[in-house]
Amino acid sequence: MIKSDLLKNMKGYIGGQWKASGDQTFDVYNPATGQVIAKAPSMPAEDVKAAIESGQSALKLTKPYAIETRRQWLEQIRDALKANREEIGRILCMEHGKPLNEAQGEVDYAAGFFDYFSKTIGELNSRTLEEKPKDCTWTVHYRPVGVVGLITPWNFPIGMIAKKLSAALAAGCPSVIKPASETPLTMIALFTIIDEEVDLPDGMVNLVMGKASVIGKVLCEHPDVPMLSFTGSTEVGRKLIEDTTEHVKKLALELGGNAPYIIFEDADLDKAADNLIANKFRGGGQTCVCANRIFVHEKVMDSFSQKLADRVNKMTVGDGINGDVDIGPLINKAGFNKVKDHLEDALDKGATLVAGTRPDDLPSDTLFFPPTVVSGIKRDMACFREETFGPLVPMVSFSSEEEAVEMGNDTEFGLASYLFTADEERAMRVAGALRFGHVGWNTGTGPTPEAPFGGMKASGIGREGGLEGLFEFVEPQTVPRGF
Ligand code: ADP
């Protein structure tokens, strides 16, 4: 079992108290060893309702929390995260599996959101229009939406919640947080530092965990939760849209991706290869911004394949806690089998193995999947159509800009995309044509707190980060004053 001062309370957090009704628990695993490292509480619907009620009591509408007070909350959480980055990173590493330095880097990334909104929160001050239409003075106030439900996946156990919670607190919204059942410990650790080091009013942040169906149902149906912010699969996102229609809830959804990574014939191939390694293998390939389909111009396919294979052959796979590995284990057997199935399907349909492993050579008793590159990918293969969510790099050859754009857009998703070219005009033309919320030009970098991030099409609704992410959590209220 995992031991940590930040995990003294293996409970949820409601109204400023550690709490979990009943005695139901679920197992939390270390994916690197397969061992159970904790038993977390599976909280009943009554706890979720209590969390919403305590949130409601912390919501101040007639006398809102001052901007300066909200700024202090954000700064205190930022500082507490920085002070505890090593221990939170260790806990994150043990329940997720990503390498320790990556896990600790994720804590820094999370702190960055609290920092950014602490500096930009002044944007939420009310503003009075200079014009006086209809003989009135017009003031716009930014009211908190209300108690918000924040539901997050396992692939960034602290990063994903930081994006939502920082903006919610900046706006003055109390929240009910539900982490993924694979990674609840990082969230318990966060609540421990909030409990001990941050001056939040009771009920401003609440933590519930357990069965997604039980918790999701209460959050969707409760009239006092006017907004849900969710990151996860498109399948669950669609269910949340359906389940919230009765109350017409506000939704911020960051859903699946199927990122194209396009390498034109004039690209700097070393840069394209280095960026692909950093982008694709982050979190073991289990992120929604990881390149999923690599389109390479036919004239440079051979030399790019060689450069990529050279790099991939040097990568190491192992338990992330050892600190010196590039890739940790995949999160669970279902995730492992999906990557294996995609590899098998591609090879069966005629793809060529460029580097890495054949399906038959994969270990059967661990979740470690070696980085693997295949070429000759066609549209009918599963790895083209679906998000693989693992360390498989499928390469597709193309011969013209139009073909690359058309194939890149040939997906229901529209989250992240990347293009590598030395030609600025082409870059702008292609970026405009790609229906994706994020287009990296000569970089494989993902989101940052300072810029909006989110998806088009079935990749979601709304943005996180940037001022756009801040304004998701407020309702502009217009007050014309007559004389
Ligand atoms: P992933 O494939 O990344 O696990 P999911 O969409 O399955 O993505 O899960 C993301 C988050 O949504 C997790 O916290 C999960 O427990 C939660 N979740 C799953 N089903 C529901 C549901 N019906 N209502 C609310 N939350 C759900």
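No lab work stands behind these numbers, since they all come straight from the coordinates. If you're wondering where the values come from, they're calculated on a predicted model, not measured in any experiment. Glycine gets a Cβ as well: all are built from the backbone with ideal geometry, and neighbour counts include every protein chain shown.
A straight line joining the Cα centroids of the range 416-452 and the range 1-62 runs 39 Å. Would the range 2-124 count as rounded, prolate or oblate if I go by the C-alpha gyration tensor, calling it rounded below 1.5 in a/c and otherwise prolate when a/b exceeds b/c, oblate otherwise? Cα axes put the range 2-124 in the oblate bin. For the range 447-457, 3J(HN,Hα) computed residue by residue from phi via the Karplus equation (6.51, -1.76, 1.60; θ = phi - 60°) reads x, 9, x, 7, 10, x, 9, x, x, 9, 6 Hz, glycine and proline entered as x.
Taking the longest Cα principal axis of the chain as reference, the axis of helix 269-280 is set at about 50 degrees.
For the range 397-455, what does the alpha-carbon gyration tensor say about shape, rounded, prolate or oblate, given a ≥ b ≥ c as the root eigenvalues, a/c under 1.5 as rounded, and a/b over b/c as prolate? Cα axes put the range 397-455 in the oblate bin.
Think of each Lys and Arg Cβ as +1 and each Asp and Glu Cβ as -1; about the Cα centre, that makes the dipole of the range 1-122 roughly 320 debye.
Please work out the C-alpha center-to-center distance from the range 172-240 to the range 339-375 and express it in whole Å. Measuring centre to centre over Cα atoms gives 36 Å.
Shape call for the chain from the C-alpha gyration tensor, a ≥ b ≥ c root eigenvalues: rounded (a/c under 1.5), prolate (a/b greater than b/c) or oblate? In terms of gyration-tensor shape, oblate. Placing unit charges on the Cβ atoms only, positive for Lys and Arg and negative for Asp and Glu, gives the chain a dipole magnitude near 1060 debye about its Cα centre.
Legend: distances between Cα atoms for K299/K338; K98/K338; K211/K333; K3/K211; K49/K164; K49/K239; pairs beyond 28 Å are K299/K338. Straight Cα distances below 13 angstrom link K60 to the aspartates and glutamates D202, with same-chain residues fewer than 8 positions distant left out. FRET efficiency for Q24 and E131, Cβ-Cβ distance as r, R0 = 56 Å, nearest 0.05? About 0.45, to the nearest 0.05.
Here r is the Cβ-Cβ distance between D266 and D410 and R0 is 25 Å; the resulting FRET efficiency, rounded to 0.05, is 0.60. Summary of packing: across the peptides 30-38, 178-186, the per-residue average of other C-beta atoms within 10 Å ranks them, highest first, as 178-186, 30-38.
In a fully extended conformation the segment linking K333 and I241 would gain 30.2 nm over its present Cα-Cα distance, using 0.36 nm per residue.
Loop-located GluC sites (Glu not before Pro) in the range 55-120 (DSSP state not H, G, I, E or B) with no more than 12 neighbouring Cβ atoms inside 10 Å do not occur. For the range 260-441, the dipole from Cβ point charges (+1 on Lys and Arg, -1 on Asp and Glu) about the Cα centre works out to 340 debye, to the nearest 20.
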